[in-house]
Amino acid sequence: MTDDPETRTTTRAVRPYVITGGRAGAGGAPLSWETLVTATGTAAPETLQPEYRMILTHCRGLLSVAEVAAHLGQPPSVVQVLLADLLDWGLILSRPPVPRAERADAATLRKVLHGLESRL
Amino acid sequence: MASKAASEAPAGGAAGAPDPRLPGETAADRAPERYPVAEPGGKYLAPGVAGAAKILVVGPLGVGKTTLIGTVSEIRPLSTEALMTRAGARVDTRGGRTKTTTTVALDFGRITLDGDLVLYLFGTPGQQRFLPAWRDLAKGALGALALVDTRDPAASFDALGNLEDLDLPFAVAVNAFPGSPVHSEDDLRVALDLLPSTPLVSCDARDARSSVLALIALVRHLVHAATESS
């Protein structure tokens, strides 16, 4: 009876990496701060930890990883790990950042330029 | 206070109650945190947004990064704390092995452009010791807008050095504080050791148009650089 999962609780009073089980990054490349995520609407399993549930409540619409982190009050580096899990489990969808290459292409930059100019 | 109580009452629960708004205050100023709505200014992005790009806004403490971001952002700037892990600990040399993590506060905002592209603006503190926290964030960034306060241009040296280390293209915007000394462009370029091709503009971070113009100067520079090199 040393480590009964039923009595194990998680709260906000733990240091960030305790929540991620000590993992600093998911297997693949981490989701960038501006990657957009949204819940798929698939019902979450009953056993899902509260941290994941909290994320899902903030993902009812489209938001960036940074915004999810800010709304949760957790560092993005922690939220990146949890979001990667949710992505693996099919509970969220992601839209990767537009410039996938190291440097953005001219077409993306022109689009940004026109977008900004239209705000003047 | 009556007005405070009213503002904390649930929306919709106050039907028929006298409007407690202050003169000049709009309904939007009082709107409580709204729940999932995809509209400009709402928490969520429009469902049609297909992807995101980012620009860093860099500079020393108090130079106006958060002001500029707040002026152009469609959401109230959000704040998050980036963890600096191992790499940061190496730089932080106080007393040998100290904490392995420390946090850096970052403010950010967003602008939805043309309906399907959203631009994020991340305010990034300039100090050299925060460089590790930048690396992750700088990856994939279009470029950076470096803010300079002419009352203390030297405070921006670290931020400019970091941008050069990261090979991130940038433009420099002088945030014109009231009573700031006026320097000639040439003097500033020399003081900041800028390449002739690096744009140098003046802006008022409190003014939306002026701040957008500074971002435009940066993106024009990026377009130019991308077209030149291809």
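Table: residues versus (1) away from every other protein chain (no Cβ under 11 Å); (2) within 9 Å of the chain's Cα centre (by Cα).
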{"site": "A:Tyr52", "(1), (2)": "yes, no"}
{"site": "A:Arg60", "(1), (2)": "no, no"}
{"site": "A:Ala70", "(1), (2)": "no, no"}
{"site": "A:Gly73", "(1), (2)": "no, no"}
{"site": "A:Pro76", "(1), (2)": "no, yes"}
{"site": "A:Asp88", "(1), (2)": "yes, no"}
{"site": "A:Gly115", "(1), (2)": "no, no"}
{"site": "A:Leu120", "(1), (2)": "no, no"}
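Kindly evaluate B:Ser156 against the criterion of being away from chain A (no Cβ under 13 Å) and under 18 Å from the mean Cα position of the chain (by Cα).
Numbers: away from chain A (no Cβ under 13 Å): yes; under 18 Å from the mean Cα position of the chain (by Cα): yes.
Yes; evaluated as a whole, the condition is true for this residue.
Consider the stretch A:96-110. How many of its residues are modelled with pLDDT of 90 or more and either within 26 Å of the chain's Cα centre (by Cα) or closer than 30 Å to A:Ala44 by Cβ (or both)?
2
Residue-wise test of (1) in contact with a helix residue (DSSP H, G or I) (Cβ under 8 Å, 6 or more places away or on another chain); (2) assigned to a strand (DSSP E or B).
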residue: B:Val118; (1), (2): no, yes
residue: B:Thr124; (1), (2): yes, yes
residue: B:Leu137; (1), (2): no, no
residue: B:Thr150; (1), (2): yes, no
residue: B:Asn162; (1), (2): yes, no
residue: B:Pro178; (1), (2): no, no
residue: B:Asp187; (1), (2): no, no
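For the stretch B:170-208, which positions are within 21 Å of B:Pro77 (Cβ to Cβ) and within 15 Å of the chain's Cα centre (by Cα)? Walk me through how you get there before you give the answer.
Taking the stretch B:170-208 first, the residues within 21 Å of B:Pro77 (Cβ to Cβ) are B:170-171, B:173, B:175-177, B:203-208.
Once the filter is applied, which keeps residues that are within 21 Å of B:Pro77 (Cβ to Cβ) and within 15 Å of the chain's Cα centre (by Cα), the stretch B:170-208 yields B:Phe170, B:Ala171, B:Ala173, B:Asn175, B:Cys203, B:Asp204, B:Ala205, B:Arg206, B:Asp207, B:Ala208.
Name the pairs whose Cβ atoms lie under 7 Å apart, with the first residue in the stretch B:130-147 and at the interface with chain A (Cβ under 10 Å from one of its Cβ atoms), the second part of a helix (DSSP H, G or I) and surrounded by fewer than 24 Cβ atoms within 10 Å (Cβ to Cβ), and 6 or more positions between them or separate chains?
B:Ala133/B:Gly88
Only one of these conditions is not met by B:Thr98: (1) under 20 Å from A:Pro75 (Cβ atoms); (2) at pLDDT 75 or above; (3) more than 10 Å from chain A (Cβ to nearest Cβ). Which number is it?
(2)
Scan the stretch B:189-225 residue by residue and report those that are in a loop (DSSP other than H, G, I, E, B) and within 14 Å of chain A (Cβ to nearest Cβ).
Taking the stretch B:189-225 as the starting set, the residues that turn out to be in a loop (DSSP other than H, G, I, E, B) are B:193-199, B:204-207.
If the condition is that a residue be in a loop (DSSP other than H, G, I, E, B) and within 14 Å of chain A (Cβ to nearest Cβ), then B:Pro199, B:Asp207 are the ones that fit.
Report whether or not B:Asp167 is at pLDDT 90 or above and either away from chain A (no Cβ under 14 Å) or under 19 Å from A:Gly73 (Cα atoms) (or both). Talk me through it step by step, then tell me what you get.
Numbers: at pLDDT 90 or above: yes; either away from chain A (no Cβ under 14 Å) or under 19 Å from A:Gly73 (Cα atoms) (or both): no.
The answer is no for B:Asp167.
Of the residues that sit in the stretch B:69-91 and are touching an Asp or Glu at 6+ places or on another chain (Cβ under 9 Å), outside any loop (DSSP other than H, G, I, E, B) and not hydroxyl-bearing (Ser, Thr, Tyr), which one is modelled with the lowest pLDDT? If you could, list the steps in order and put the result at the bottom.
Step one: list which residues in the stretch B:69-91 are touching an Asp or Glu at 6+ places or on another chain (Cβ under 9 Å), which gives B:69-71, B:75, B:77-80, B:82, B:84.
Subsequent filtering for residues that are outside any loop (DSSP other than H, G, I, E, B) retains B:69-71, B:78-80, B:82, B:84.
When the remaining residues are screened for being not hydroxyl-bearing (Ser, Thr, Tyr), the result is B:69-70, B:78, B:82, B:84.
Details: B:Ile69: 97, B:Gly70: 96, B:Leu78: 95, B:Ala82: 78, B:Met84: 64.
So, considering only residues that are touching an Asp or Glu at 6+ places or on another chain (Cβ under 9 Å), outside any loop (DSSP other than H, G, I, E, B) and not hydroxyl-bearing (Ser, Thr, Tyr), the one modelled with the lowest pLDDT is B:Met84.
The values are calculated or read from the model by the stated rules, or taken from the named source; none is laboratory data. All values derive from a computational prediction rather than experimental measurement. We place every Cβ from the backbone using ideal geometry, glycine too, and count neighbours over all the protein chains shown.
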